[in-house]
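These notes are about the structure you will find just below.
The values are calculated or read from the model by the stated rules, or taken from the named source; none is laboratory data. Given the structure is predicted, the values throughout are model-derived calculations rather than measurements. Here the Cβ positions follow ideal geometry from the backbone for every residue, glycine too, while neighbour counts run over all protein chains shown. Only protein heavy atoms, including side chains, enter the accessible area calculation; ligands, DNA and RNA are left aside. Shrake-Rupley method; radii C 1.70, N 1.55, O 1.52, S 1.80 Å.
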Amino acid sequence: MARPLNGPQIKRGRAGVVARPDLAGRTLAVRLAQQADAWFDRLAVDLPVGWALMATGGYAGRVLCPGSDIDVVLLHPPRAMAAQISEIAEKLWYPLWDGGVKLSPAVHSPKSLLALAADDLVTATSILRVRHLAGSEALVSGAQQAAVEQWRRRSNHWLQELLTVSRQRWERFGEVAALLEPDLKDGRGGLRDRDALRWALAVERDDISAALESPVDQLAAPAELLLTVRCELHRVTARATNRLLLQDQDAVAEVMGFADADVLMLKLSGAARSIDWASGRFWRRVERAVSRPGRSRAAAAADETDVSPSADFDDQSLVFEIAAAAARSGSPLSRHALLTLAANVTALDQQTQPRSVEEAVESSSPTPPEAPGARWTERTRRAFIGLLGSGPRMVETIEALEQYELFSLYLPEWRHVRSLPQRNAFHMFTVDRHLLQTVANAAELMRDVSRPDLLLVAALLHDIGKGYGGDHTEVGIRLVRRMLPRMGFSAADSEIVVALVQHHLLLSETATRRDLSDPRTAANVADALGDSLRLELLRALTEADSLATGPSAWSGWKRSLIDELVAAVGDALRGEPADIAVPDPGEQFAALVALVHGDHCTHVEHEVLGDTTVVRVASDDRPGLFADIAGVLALHGVDVVGADAWTSADGVAVDQFTLLSSGPRTLNLVKMRHDLAEGVAGRGDIGARLEARIRTYERAHRNRSAATAPRREVLISNEASDSTTMIDVRAPDAPAVLYRLSSTLAECGIDIRSAKVATLGHEVVDVFYVQSSSDGGRLRPECHAPLADRLKDSLKPR
């Protein structure tokens, strides 16, 4: 007689299957499902007559990823005793739980199961597909048949529920195709969307079946790739996670045999786009079918933008004009329109994708003379600008065109950035979605600029040089210089767009990393731009680009810095003295200085300004004071974005730190002020507490890798200011970076006058403006290299 199955056996057996290198993707998922079947064969061998065990959900489809829940339902007779139900269920469930298996069991009579499924969407969908595991096959078959009939009787209700839940899921998890760290299961275009299509089609209504433009089987290959990636993600991380983080992409790509993670993410994005394309268009039509029952297919088609039978396909501008009309009206391009345009317009295109930046930029003929994108007419250029400025639906409209390669037909350079991953934690989206989102943001700012057409084009092309290797801005400049004449822009307008592409990071980097009170800062930006029109357009592009990058790339604090810089640059361009409001520290801090003189104690005050909080600490000056304050703030885990230091003639120091007060962390200002006073007074070993935190953090993240390795660089220059030396530090993000750097500067006898601090994904950029403690002047050039080495050493892992 076979020995009873126990938890350790299950645990060892499952670990053995997961560890097998010859199993991957579906073969692994199928083998895990077969293994679970074998467990239930043994555990449920003595089920009483009239009982049954059935698989539901993904397990019913005979696939289980390593981290998947095993969904099962134990069916019992209506009058079974509670004690008997509990005894049989425990015999089935507990060995699996003891083995560490993620089991999601349920116990029902057929009647109670159907009653629950009548109102609960999760239950209703889970039993649309079930599979007999043990006991009465007739009981399982009857339960499934009843569940399907019940689902079809309330088809409108369930379709509306599916759409509502899907929208909530899309809002929460975002798009698999466009996000750099997608959720493979619940994101838009993920595995759950394919399941939702299958559930919707189970209502077996002709109007619902007709809403799907292509057979659902065409999504099998894209779903297969998503399933494989999910299986390998579970295996690589040893976690039941569905979000493919940057730090895990290299390992998943390697085990799947891809050349690198970029190739994996490119393939994954394409697969998700296929599912999202089919799903999005399906649900739009379903929504109209269930909200207005009885409408004919012809009426539903009237809600979409189509091509007129009299359309002139020799008109080069036709694609953009139809697309702009669709975006403005909010009515998507119909499948007929897209197929008709693709069949009649792309027949002219013989363009092949450039394989390198040299081929893309230096080829004398990027498009054949007869191709639509070879040289645009003025009408085409205007229609193109109209499409870019057509509102929020522009993004999905252009992506619909590109589903049939109609957008890149005119802009062949677009093919290189399509679905291109950025592999940078500072960004959220693939390159193509980032560019389109920047255009959508720029369209909201069109009334603020005198040349909205150039703003929109610069927004679309500012990152077009990404993915070729080397500096993407330099590559982008070369590409744009070739593209704009072909697109019909004049030489003067082309040079403006080229300047915007060249300097698209200038305002952001200058505002957050340079001393805005120094007149040389504004003068340098004015020299780079040359005129007020470029400044005006660059201000709008900077905001649009930042908003399209990610939540950490734009804030009220950053907006205020950029506006201050733009005002100063505008003055410089007009030849006027810079109108920079620089308060006299002696007057501004007079009250704090008087308090310190009165009792020689530390005084702390704070002021909330929008999404920032300014904390001022006044105390008798001493070496390392700035660093100790930075250390206390690091212990509180706050986000420091700027700092200034000033010392009165009689030795009272006032250090002012600007903190971001928005975000998930709430500032405990009462405790922070207390801790600052204690830390400045020397009570409590700040350094030891921080070192312990740093070591704990570094141990926890020792094996974690980022998509793009963060730099550890130090640049020291006397050219950025007439009175201070600039120290620009780029380093991996870690606790207490500001404290470590400022402590090292104090040890070297260097006073910090101001600091700008920024976190860009997994990298920090800290810029200090400093003076020598001995003479109050800039640092001597011969000191720069040794100091840079000391600062780099201070940031090395312990």
(message) Can you give the FRET efficiency to the nearest 0.05 for GLU254 and ALA343, using r as the Cβ-Cβ distance and R₀ = 56 Å?
(response) 0.85
(request) Rank these residues by their accessible area, most exposed first, probe 1.4 Å: TYR94, TYR769, TYR739. (result) TYR94, TYR739, TYR769
(message) Can you order the peptides 398-405, 537-544 by their average number of other Cβ atoms within 10 Å per residue, highest first?
(response) 537-544, 398-405
(message) For the chain, what does the helix formula give at 222 nm: sum of -39500 (n - 2.57) over DSSP H segments with n ≥ 4, over the residue count, nearest 500 deg cm²/dmol?
(response) -16000 deg cm²/dmol
(message) With a cap of 12 neighbouring Cβ atoms within 10 Å, and only residues DSSP puts in a loop, list the trypsin sites (Lys or Arg not before Pro) found in segment 17-73.
(response) none
(message) Can you list residues from other chains, or at least 5 along the same chain, whose modelled amide H is less than 5 Å from the amide H of GLY642?
(response) THR658, VAL757
(message) Are there any trypsin sites (Lys or Arg not before Pro) in segment 70-111 that are in a DSSP loop and have at most 14 other Cβ atoms within 10 Å? List them by number.
(response) ARG79, LYS102
(message) Per 0.36 nm of contour for each residue apart, how much would the distance between ARG131 and ALA24 grow if the chain were fully extended, relative to their Cα-Cα spacing?
(response) 36.2 nm
(request) Compute the accessible area per residue over segment 143-237, keeping the other protein chains in place, probe 1.4 Å, unit Å². (result) 42 Å²
(message) Can you give me the long-range amide H partners of SER754? Hydrogens built in the peptide plane at 1.01 Å from N, cutoff under 5 Å, separation of 5 or more residues or another chain.
(response) ALA645, TYR769
(request) Assuming R0 = 22 Å, can you tell me the calculated FRET efficiency for the pair GLU87 and VAL45, based on Cβ-Cβ distance, to the nearest 0.05? (result) 0.90
(request) In Å³ and rounded to a whole number, note down the convex hull volume per residue for the Cα atoms of the chain. (result) 201 Å³
